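Undergrad: Below you will find the structure I want to go over with you.
The values are calculated or read from the model by the stated rules, or taken from the named source; none is laboratory data. This one's a predicted model, so the numbers in the text were calculated from it and none came from an experiment. Every residue, glycine among them, receives a Cβ derived from its backbone with ideal geometry; neighbour counts consider all protein chains shown. Ligands, DNA and RNA are stripped out before the accessible areas are found, and what is left, the full protein with its side chains, is counted by its heavy atoms. Shrake-Rupley method; radii C 1.70, N 1.55, O 1.52, S 1.80 Å.
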Amino acid sequence: MLDELSRAENDREIAAIRRELAQEGYLKRQTGRDKKQAAEAGPREYRAPSGLRVLVGRNNAGNDKLSFRIAGKDDLWFHAQKMPGSHVVLCGAGLDAPDADIEFAAGLAAWFSAGRDATTVEIDYTPVRELRKPAGARPGFVIYHTYYSMSARPLQPQEEIA
């Protein structure tokens, strides 16, 4: 949660983190205004070199929504290995995505993780259909058994698509 808070860019993202902490019992329940702001924050959106959409979760609850409700089963899912970070989804091409797009999505996964300041970060990626959420797992937690790994340099995105 501390990593998410350090990456929060606006009041809506902070409200979403507050909502999650309240759901886990660490903070008091939110007011109606806070709930509305948290609900409005969707994933960040970028364009890969070939023009494919790349979506990045903003917090744990947003990661769940992105991975299990927004992403298609053949989209590629990216996450930094063994550290907190955002779920990143490369939409539309599956494992046939161009290498440059895979490197771009992996770079975003590295940037939106606790490894942002590292030279390289190990990134796992897999088709979304390989993701599972264990019963009762906390928001943002997923498991996967079939995946690929690569090293990626954190890539600071230039600008988000509105």
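Undergrad: Residues of region 69-85 being closer than 19 Å to residue 145 by Cα and either surrounded by fewer than 16 Cβ atoms within 10 Å (Cβ to Cβ) or out of contact with any Cys (no Cβ under 9 Å at 6 or more places or on another chain) (or both), which ones?
TA: First, the residues of region 69-85 that are closer than 19 Å to residue 145 by Cα: 71-85.
Of everything in region 69-85, those that are closer than 19 Å to residue 145 by Cα and either surrounded by fewer than 16 Cβ atoms within 10 Å (Cβ to Cβ) or out of contact with any Cys (no Cβ under 9 Å at 6 or more places or on another chain) (or both) turn out to be 72, 73, 74, 77, 78, 79, 80, 81, 82, 83, 84, 85.
Undergrad: Return yes when residue 134 is under 28 Å from residue 19 (Cα atoms) and free of Cβ contacts under 8 Å to residues at least 40 places away in the same chain and no when it is not. Please lay out each step first, then the result.
TA: Working: under 28 Å from residue 19 (Cα atoms): yes; free of Cβ contacts under 8 Å to residues at least 40 places away in the same chain: yes.
It is true that residue 134 is under 28 Å from residue 19 (Cα atoms) and free of Cβ contacts under 8 Å to residues at least 40 places away in the same chain.
Undergrad: What residue, among those in region 144-160 that are outside any loop (DSSP other than H, G, I, E, B) and out of contact with any Gly (no Cβ under 6 Å at 6 or more places or on another chain), is surrounded by the most Cβ atoms within 10 Å (Cβ to Cβ)? If you could, list the steps in order and put the result at the bottom.
TA: Filtering region 144-160 for residues outside any loop (DSSP other than H, G, I, E, B) gives 148-152.
Going one step further and asking which of them are out of contact with any Gly (no Cβ under 6 Å at 6 or more places or on another chain), we end up with 148-151.
On the way: 148: 14, 149: 12, 150: 16, 151: 12.
Among those residues, the one meeting the criterion is 150.
Undergrad: Identify, from the list 117, 124, the residue that is within 23 Å of residue 3 (Cα to Cα) and not in a loop (DSSP other than H, G, I, E, B).
TA: Working: 117 fails: not in a loop (DSSP other than H, G, I, E, B).
One residue alone meets the criteria, 124.
Undergrad: Could I ask something else about it? Please find, among 66, 55, 95, the residue that is at pLDDT below 95 and either buried (at least 19 other Cβ atoms within 10 Å of the Cβ) or not in a strand (DSSP E or B) (or both). Let's see the steps before the verdict.
TA: Numbers: 66 fails: at pLDDT below 95; 55 fails: at pLDDT below 95.
Only one candidate qualifies: 95.
Undergrad: Sort through 71, 80, 100, 110 and tell me the only one that's over 12 Å from the mean Cα position of the chain (by Cα) and touching a residue at least 24 places away in the same chain (Cβ under 8 Å).
TA: Details: 71 fails: over 12 Å from the mean Cα position of the chain (by Cα); 80 fails: over 12 Å from the mean Cα position of the chain (by Cα); 110 fails: over 12 Å from the mean Cα position of the chain (by Cα).
Only one candidate passes the filter, namely 100.
Undergrad: Residue 139 passes all but one of (1) open to solvent by less than 50 Å² (accessible area, probe 1.4 Å); (2) at pLDDT 95 or above; (3) part of a loop (DSSP other than H, G, I, E, B); which number fails?
TA: Checking residue 139 against (1) open to solvent by less than 50 Å² (accessible area, probe 1.4 Å); (2) at pLDDT 95 or above; (3) part of a loop (DSSP other than H, G, I, E, B), the one that fails is (2).
Undergrad: Return the pair list, or none, for Cβ contacts closer than 8 Å from residues in region 145-159 that are closer than 15 Å to residue 127 by Cα and touching a residue at least 24 places away in the same chain (Cβ under 8 Å) to residues that are open to solvent by less than 100 Å² (accessible area, probe 1.4 Å) and assigned to a loop (DSSP other than H, G, I, E, B), at least 6 apart or on different chains.
TA: Going by the 8 Å Cβ cut-off, the qualifying pairs are 149/81.
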